[in-house]
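The values are calculated or read from the model by the stated rules, or taken from the named source; none is laboratory data. Treat the numbers as computed from the prediction; the structure is a model and nothing was measured. Cβ placement follows ideal geometry from the backbone for every residue including glycine, while neighbour counts extend to all protein chains displayed. Please note that ligands, DNA and RNA were not included when accessible areas were found on the heavy atoms of the full protein model with its side chains. Shrake-Rupley method; radii C 1.70, N 1.55, O 1.52, S 1.80 Å.
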Amino acid sequence: MAIAISDIATGWIYRTKKNQERLVLGWDRDGRVIFTSRGNDKANPFRNCHVRCSANRFVDAVEAKLGEMPDLKSYIVANKAQTVVVR
């Protein structure tokens, strides 16, 4: 099932077609999606780095919405993603 651009929401975890997980931290001022991946560190998931990509590229890569993270502030700080604009 395809994800629409309107389905991208801050704080949600998405699964890619290659079974990787992405946590959406927000959007930047240019309208790109800012996300972080789960990574290999089991003790600190989603705390490795942040990536920016266009919304079209993000929806092409993901296939499912898995769940929501309640508090993003610690993830934004840990990933040095201070330019996040929360919508």
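Tabulated data
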item: Computed label-point distance, nm, for sites Glu68 and Ile5 using a 7 Å Cα→Cβ extension; result: 2.4 nm
item: The chain, accessible area per residue, ligands and nucleic acids excluded (1.4 Å, Å²); result: 62 Å²
item: Gyration tensor (alpha-carbon) shape descriptor, segment 1-51, a/c threshold 1.5; result: oblate
item: Computed helical MRE - 222 nm, the chain, DSSP H runs ≥ 4 contributing -39500 (n - 2.57), nearest 500; result: -3500 deg cm²/dmol
item: Accessible surface of the chain [probe 1.4 Å, protein heavy atoms]: carbon and sulfur percent; result: 49 percent
item: Over the chain - Rg/Rh using Cα atoms and the Kirkwood inverse-distance radius; result: 0.92
item: Relative contact order, percent, the chain [alpha-carbon distance under 8 Å, six or more residues apart]; result: 36 percent
